[in-house]
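*Asks:* Sharing a structure, written as structure tokens. Questions coming.
Taken together, the values in this text are just the output of simple stated rules run on the coordinates, not laboratory data. Note that the structure is predicted; figures quoted are calculated from it, not measured. Counting neighbours? That spans all protein chains shown, and the Cβs are built from the backbone with ideal geometry, glycine included.
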Amino acid sequence: MAYIATILLLGSGELGREFTISAKRLGAKVIACDAYDGAPAMQVADEREVFSMLDGAKLREAVEKHRPDLIVPEIEAIRTEMLAQLEAAGFNVVPSARAAQLTMNRDAIRDLASSDLGLVTSRYRYATTLEEVDAAAAHIGFPLVMKPVMSSSGKGQSKVESEAGLQEAWDYACANMRGDRARVILEEFVDFDYEITLLTVRHRNGISFCSPIGHRQDRGDYRESWQPAAMSKEALADAQKMAEKVVMALEGEGRGWGLYGVEFFVRSGKAGEEVIFSELSPRPHDTGMVTLASQDLTEFDLHARAILGLPVPALIAARPAASAVILADRDSADFAFEGLEEALAADDSVDVRIFGKPATRPFRRMGVALARAEDTDAARTLAAKVAGRVRIAYRGGPA
Ligand SMILES: Nc1ncnc2c1ncn2[C@@H]1O[C@H](COP(=O)(O)OP(=O)(O)OP(=O)(O)O)[C@@H](O)[C@H]1O
Ligand SMILES: NCC(=O)N[C@@H]1O[C@H](COP(=O)([O-])[O-])[C@@H](O)[C@H]1O
Ligand SMILES: [Mg+2]
């Protein structure tokens, strides 16, 4: 059989696994890559390659070996200069090398959104030394949020209440950053009423939006999400306008086709709800796992369709649903999941996804519970209950 496309997937976690299933259902061949063997997407892909996505030479080698039609980043930490070189050499990077490059660096995407595109963001300053941190903090005020410019899933991020906390936050950011560039962003702490992810699909016929996804984060990492999130018509229109603007600005030399997770904070102001752009992922978003329960075409199906040049509907409906994460709390390479029987006892409104990661770590996401109900509040309660019933039984320590 001739495949519709050969896809080289860079990063093979839970998001990549669902994406691989979607792409394969449409007739694609998927080669899953990650730094460790047995990663979730590798378990369902046609082939695998094990190397660090930050190793440019290995990345090029994998591309030359498989000659993919599409190079699909699944994580942020990739040698993006190599993606740009590969794109220049004629390879198709999803959605574009520019998107991968700009979103990997908080300073790059923030400058684009705020200075170039004029989107509303929190006030921010950068710093590369503790002295610069002090100066930036004096400008921003307290409380503030400090993050390494290169990090994801809340790594190295802290909320700082006063001057006394700056040194600790700086040390924490430096210890948990990616790369060798000690640089942080200090952001005004936005006391938002709620936050959303707006899944935005850019495809051959234009742009389509999913219903907004509400979510709750802890330690800078997602814990639960629900869809559709209630918000005013005006606020949703503002968010859609901003999402379209930023997504359109990311195409560069690429096609720009694909699904993006655009994150916003929403707070009420004098003139109604104020929408503040936070950041975005040029790929499926972790909070978007709720679409496995809420939408007929999930965020993974939509990403696959968009990048393959297949039709994406203009209107994407969502029924009330929620997701809740299942986290590990220690290091282990010998463990088992228990409680699935009770977790799934309810009825067909609940489900789980166990990711199949070969080892646990404190706070590592190992699975997710999904629930549908008559409204999102009920769905959240149900999803949390299901997640709570799945237990990880640790039998041994790390490998
Ligand atoms: N300026 C801010 N004010 C208030 N809360 C914030 C601010 N910045 C971040 N947060 C909180 O921390 C969460 C994580 O922040 P952010 O999305 O910037 O981190 P991340 O490391 O890129 O996470 P991910 O990779 O999972 O998207 C946000 O969703 C929000 O809940
Ligand atoms: N916020 C980004 C995100 O959720 N990314 C998802 O987590 C995986 C890494 O998990 P791990 O750290 O447990 O290996 C990534 O591969 C991706 O699927
Ligand atoms: Mg985020």
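*Asks:* So what are the three principal axis dimensions of the chain from its Cα atoms, in whole Å, longest to shortest?
*Replies:* That works out to 61, 52, 48 Å along the principal axes.
*Asks:* Further question: Can you list the chymotrypsin sites (Phe, Trp or Tyr not before Pro) in the range 168-242 that are in a DSSP coil and have 13 or fewer other beta carbons within 10 angstrom?
*Replies:* Answer by residue number: there is no such site.
*Asks:* Can you run phi through the Karplus equation (6.51, -1.76, 1.60; θ = phi - 60°) for the range 260-268 and list ³J(HN,Hα) in whole Hz, with x for Gly and Pro?
*Replies:* 10, x, 9, 9, 9, 9, 10, 9, 7
*Asks:* If you find the alpha carbon centre of the range 318-338 and of the range 171-220, how far apart are they in angstrom?
*Replies:* 21 Å
*Asks:* Report the relative contact order of the range 1-103, percent, no decimals, based on alpha-carbon pairs under 8 angstrom and at least 6 residues apart.
*Replies:* That works out to 27 percent.
*Asks:* Separation of the range 71-90 and the range 340-399 by C-alpha centroid, Å?
*Replies:* Here the answer is 33 Å between Cα centres.
*Asks:* Hey, another quick one. Residues of the range 118-138 with the amide nitrogen closer than 13 Å to a label point 7 Å from the Cα of Lys241, along Cα-to-Cβ, please.
*Replies:* Zone members listed by number: 118-120.
*Asks:* With the chain treated as a Gaussian network of Cα nodes joined by springs under 10 Å, which of Glu195, Glu61, Glu49 yields the largest mean-square fluctuation?
*Replies:* Answer for the Gaussian network model of the chain: Glu61.
*Asks:* Follow-up. Gap in Å between the Cα centre of the range 102-149 and the Cα centre of the range 39-59?
*Replies:* Result: 33 Å between the Cα centres.
*Asks:* Quick one: 3J(HN,Hα) in Hz for the range 369-385, Karplus 6.51/-1.76/1.60 with θ = phi - 60°, rounded, Gly and Pro as x.
*Replies:* My calculation for the range 369-385 gives 9, 10, 8, 10, 7, 6, 9, 6, 4, 5, 5, 5, 4, 5, 4, 5, 5 Hz in order.
*Asks:* Follow-up. Excluding Tyr394 itself, calculate the net charge of residues whose Cβ lies under 15 Å from the Cβ of Tyr394, where each Lys or Arg counts +1 and each Asp or Glu counts -1.
*Replies:* Here the charged neighbours net out to +2.
*Asks:* Averaging sequence separations of C-alpha pairs under 8 Å and six or more residues apart, then dividing by the length of the chain, give the relative contact order as a whole percent.
*Replies:* Rounded, it is 14 percent for the chain.
*Asks:* Using only the alpha carbons, work out the radius of gyration and Dmax of the range 194-394 in angstrom.
*Replies:* In Å, with Rg to one decimal and Dmax whole: 17.5, 55.
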